[in-house]
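Visitor: Take this structure, written in structure tokens, and hold onto it; I'll ask about it next.
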Amino acid sequence: MNPLIESTLPTKYGTFQVIAYKYQVDDLPNLVLHTDRLDVSKPVYVRIHSECMTGDVFGSSKCDCGEQLDYSMKWVQQHGGVIIYLRQEGRGIGLINKLKAYNLQNEGFDTKDANLELGFHEDSREYTPAVEILEDMGINRIRLLTNNPEKISAFADTDIEVVERVSIEIAPQSDNLGYLLTKKQRMGHLLNLKAIG
Ligand SMILES: [Zn+2]
């Protein structure tokens with residue numbers, strides 16, 4: 001997989017190099033952000049972030065996506081590394097279906113059952129594009145910023161070694177506590193949720 005374009009992106013967190021990779025769905029390119037200090041001869045901090053327009057752009061408190069992206073951008077500026085932004089909104093079911101799932105959640109379904117009710121898997125995300133991007137960048141040892149064991153197992157049959165998992169702990173808020181508990185209790189996410197004991 002070859003990059004489509006590379007450029008420089010100054011942000012409130014600091015300056016990133018931005019790389020756009022091939023289109024995945026709906027003609028939306030996957031994006032990579034990294035700092036100048038990228039040394040691929042050592043294990044590289046990597047965050048694979050799936051697009052969540054409501055959380056990333058609008059600051060939704062229904063989920064923790066925006067805060068995880070914020071945490072990752074700060075982390076990468078501080079420690080170096082790579083953020084891979086995959087265009088698979090709503091755990092891969094798209095924005096419209098995600099909003100339908102929100103309506104079901106308002107009727108009492110949790111985030112997993114709402115997706116199942118709509119006829120989807122609980123999580124339809126696909127991490128192969130992230131593997132291909134890392135391979136193109138010559139990165140073969142990573143320190144993965146994630147709470148999601150599925151992201152670690154996505155590298156099981158690849159030439160990329162996950163040498164460390166770095167947890168992302170976001171303090172729960174009242175609006176996303178149920179969502180975080182479902183991720184922990186029903187979807188295997190490795191969350192401490194310390195703030196709620
Ligand atoms: Zn989200």
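Visitor: Run the dipole for the stretch 96-197 about the Cα centre, Lys and Arg Cβ at +1, Asp and Glu Cβ at -1, nothing else charged, and hand back the magnitude in debye, nearest 20. Intermediate results must be reported in sequence, preceding the final value.
Guide: On the way: 12 positive and 17 negative charges, 92 e Å.
In debye, rounded to 20, the stretch 96-197 gives about 440.
Visitor: Still on this structure: What percent of all Cα-Cα pairs in the chain falls into each 10 Å bin, going from 0 up to the bin containing the maximum distance?
Guide: 9, 35, 38, 17, 2, 0
Visitor: Right, another one. Just want the answer: with Cβ charges of +1 for Lys and Arg and -1 for Asp and Glu, which residue in Thr146, Thr128, Tyr71 is farthest toward the dipole's positive end in the stretch 70-197?
Guide: In the stretch 70-197, that residue is Tyr71.
Visitor: Here is a further query. Where both partners of a DSSP beta bridge lie in the chain, what percent of those bridges are antiparallel, to the nearest 5?
Guide: Values: 18 of 31 bridges.
Here the antiparallel bridges make up roughly 60 percent for the chain.
Visitor: Separate question: If I model a spin label as a point 7 Å beyond the Cα along the Cα-Cβ vector, how far apart are those points for Asp36 and Glu126 in nm?
Guide: 3.7 nm
Visitor: Okay, helix-only estimate at 222 nm for the chain: each DSSP H run of n ≥ 4 adds -39500 (n - 2.57), divide by all residues, round to 500 deg cm²/dmol; what do you get? Kindly include the intermediate steps, with their values, before the conclusion.
Guide: On the way: 6 runs with 58 residues, N = 197.
Helix-only estimate at 222 nm: -8500 deg cm²/dmol.
Visitor: Compute from the Cα atoms of the stretch 38-151 the Rg and the Dmax, the latter being the longest Cα-Cα distance, and quote both in angstrom.
Guide: 15.4, 50
Visitor: By how many nm would the segment from Lys74 to Asp157 lengthen if fully extended, with 0.36 nm per residue of separation less the alpha-carbon distance?
Guide: Working: separation 83, 0.36 × 83 = 29.88 nm, distance 3.01 nm.
Contour length minus the Cα-Cα distance gives 26.9 nm.
We did not get these values from a lab; they are worked out from the coordinates using the rules stated. Model, not experiment: these values are computed from the prediction. Ideal geometry is used to build each Cβ from the backbone, glycine not excepted, and the neighbour counts take in all protein chains shown.
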